[in-house]
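*Asks:* Please see the structure below; I have some questions.
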Amino acid sequence: MLTIWGNAHCSCVQKVMWAVGELGLAYRRIDLGGSFGGLGEPDYVRLNPNRVIPTIDDDGFVLWESAAILQYLAAKHGFGTLYPSDLRARGEGYRWIMWQGNVLRPAIMPLYLPWQVWRPEYRHLDELEGHRLRM
Ligand SMILES: N[C@@H](CCC(=O)N[C@@H](CS)C(=O)NCC(=O)O)C(=O)O
């Protein structure tokens, strides 16, 4: 049985759920993090000492870090499709997974938090400008 901890508002959880959908896997998802809280509960910290979401348990195998989860699930269930057998195609997949997590997400978060979540007085345009992606 595949269990996924994490609420559906979190982009790191959403990409795991997207992969789970593409692979047609049966699962149960437990809301956690954000307004659901629970990341500091001892039972969860034992699973994921980073106290973030997502975390999965696949028949007793616990894994965290969304990029690792994507690669694990795709390799296990989608070899030749979501997990290409061609190394170059797989490398391109890795590239976008890593780029999303290491480049795009850190650039978006300072935009997302001030504009979507925080109060207007916390919005600092000059600081946001410093996060502009230069490619
Ligand atoms: N590098 C981690 C980042 C995980 C992460 O930062 N998750 C955020 C939500 S997207 C989190 O748990 N934040 C605390 C919270 O939601 O309460 C991954 O990709 O899994």
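*Asks:* Search the stretch 1-24 for residues being in a loop (DSSP other than H, G, I, E, B) and under 13 Å from residue 57 (Cα atoms), and hand back the single one that is farthest from the chain's Cα centre (by Cα).
*Replies:* Ranking the qualifying residues of the stretch 1-24, first place goes to 1.
*Asks:* Follow-up. If I filter the stretch 76-94 for residues that are touching a helix residue (DSSP H, G or I) at 6+ places or on another chain (Cβ under 9 Å), in contact (Cβ under 8 Å) with a residue 24 or more places away in the chain and assigned to a helix (DSSP H, G or I), do I get at least one hit?
*Replies:* Yes: one or more hits.
*Asks:* Of all residues in the stretch 25-37 being part of a loop (DSSP other than H, G, I, E, B) and within 13 Å of the ligand (Cβ to nearest atom), which is nearest to residue 51 (Cα to Cα)?
*Replies:* Taking the candidates together, the pick is 33.
Each reported figure results from applying straightforward, stated rules to the coordinates on display, with no laboratory input. The structure displayed is predicted, hence computed values, not measured ones. Every residue, glycine as well, gets a Cβ built from its backbone with ideal geometry; the counts of neighbours run over all protein chains shown.
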